[in-house]
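Here's the structure we're looking at; comments come further down.
The values are calculated or read from the model by the stated rules, or taken from the named source; none is laboratory data. Since the model is a prediction, treat every value here as computed from it, not as a measurement. FYI the Cβ positions are ideal-geometry reconstructions off the backbone, even for glycines, and counts take in every protein chain you see.
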Amino acid sequence: MERTLRKYRKAIEENRISPHILYDGKSSGIIVDPGDDSIPVDLIGFGACQLQGAPISLEAEGREMVFVPVEGRILLAVGRLSFDLRREGGPFARLPARSNSSAVYVPPGEKICLDGEGEIIFFSAPATSGKAPRKIDVEKAGFRSVGAGIWRRDITILVTPEDISSNLTVGETYSPPGLWSGTPLHVHDKQDPQNGQSDHEEVYYHRFRLRKDGSFGPYGIQLLFNGGDLNKAYVIRDRSVIAIPGASHPVIAGPVSDLNYFWGLAGDGSRLTMFDIPEFRYLKIIERILAELERKRGTGEVRRENLSEWKELEGFSSYHWGMLEMILRERGFMLVR
């Protein structure tokens, strides 16, 4: 958010505050506390519970919550309602073909009891109104592929204020090994609906399919930068949590494992609208061209004049054409004149 980024930007750049928390995967409770000034968010909260046959009790108090099972079979009771959450095999069991995700929304003021075996995470935020508890099954979750080439990924949208919550937006993103997400660069740093931008904080929880085998293990890179006075990069591991106050925040899965990361956003209850950084909007044009070429496939040779149907290319500079050529070549296409 604009005010959150203004508050924490300098402290992050000077390493007085880190948005990166490596969760141990053993303890249960709040990991990102928006009331803690050593963590650079003021609205969005995040936590995890490890269940081993003994129940855990939580209370929503004045905040709404969204619970997402990571692995196992978990029974979530809220009031007189009980929800059976199953995710046998963990988050990668059906990926990359489809997701096995689900979630439960809990409004403020409710007491929650968790029981069973496995891991479940939760996001929380101030509620702008009260809605009824509700389960979102995988069949109702929106699973779709977005991007193209080296920034292709699969997104599952579980909860938004348009349908389930009053403030929280929650979902998951699957990134194959070596591919980028959060690309082209975007921000959601200020409330400016006329220009296509909302004001939201965010939290990422990263999980890698493959476990540590050696000194390094699977890894990725999380960036947090604004093209000016904030330029940070963090090596992420399995169970890395990133608290994002604002700015651009792309992530790349390392070449040694695919990555599934859980995300939650909170603002003032408005609809999430991501603003693409103008400098990189040309990548959206390349994305559509590449997706169309891969759909047709053909011989792999692409003549420049045959791209004339893409009117957006008329504004391409020599730099943009160079990028298009490099990306096409990497994907097995040769641009010829």
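Tabulated data
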| quantity | calculated |
| --- | --- |
| From Phe46, Phe83, residue being part of a strand (DSSP E or B), out of contact with any Ser or Thr (no Cβ under 8 Å at 6 or more places or on another chain) and either assigned by TED's automatic domain parsing to the domain that holds Ile136 or modelled with pLDDT under 95 (or both) | Phe83 |
| Residue match in segment 293-308 (condition: assigned by TED's automatic domain parsing to the domain that holds Gln191 and over 30 Å from Asp33 (Cα atoms)) | no |
| Matching entry among Gly269, Gly246, Gly298 (being at pLDDT below 95, in a loop (DSSP other than H, G, I, E, B) and surrounded by 11 or more Cβ atoms within 10 Å (Cβ to Cβ)) | Gly269 |
| Matching residues in segment 181-204 - criterion: being closer than 21 Å to Arg239 by Cβ, part of a strand (DSSP E or B) and in contact (Cβ under 8 Å) with a residue 60 or more places away in the chain | Ser181, Glu201, Glu202, Val203 |
| Flag for Arg207 being at pLDDT 95 or above and either not in a loop (DSSP other than H, G, I, E, B) or not aliphatic (A, V, I, L, M) (or both) | yes |
| Tally, over segment 1-29, of residues that are part of a strand (DSSP E or B) and either under 19 Å from the mean Cα position of the chain (by Cα) or among the acidic types (Asp, Glu) (or both) | 3 |
| Residues of segment 90-99 classified as at negative phi and surrounded by fewer than 20 Cβ atoms within 10 Å (Cβ to Cβ), total | 6 |
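Quick grid of which residues meet (1) assigned by TED's automatic domain parsing to the domain that holds Met323; (2) of a type in the set (S, T, N, Q); (3) farther than 24 Å from His249 by Cβ; (4) in contact with a Pro (Cβ under 8 Å, 6 or more places away or on another chain):
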{"residue": "Arg134", "(1), (2), (3), (4)": "no, no, yes, no"}
{"residue": "Gly147", "(1), (2), (3), (4)": "no, no, no, no"}
{"residue": "Arg152", "(1), (2), (3), (4)": "no, no, no, yes"}
{"residue": "Thr156", "(1), (2), (3), (4)": "no, yes, no, no"}
{"residue": "Glu162", "(1), (2), (3), (4)": "no, no, no, no"}
{"residue": "Leu168", "(1), (2), (3), (4)": "no, no, no, yes"}
{"residue": "Ser181", "(1), (2), (3), (4)": "no, yes, no, yes"}
{"residue": "Pro184", "(1), (2), (3), (4)": "no, no, no, no"}
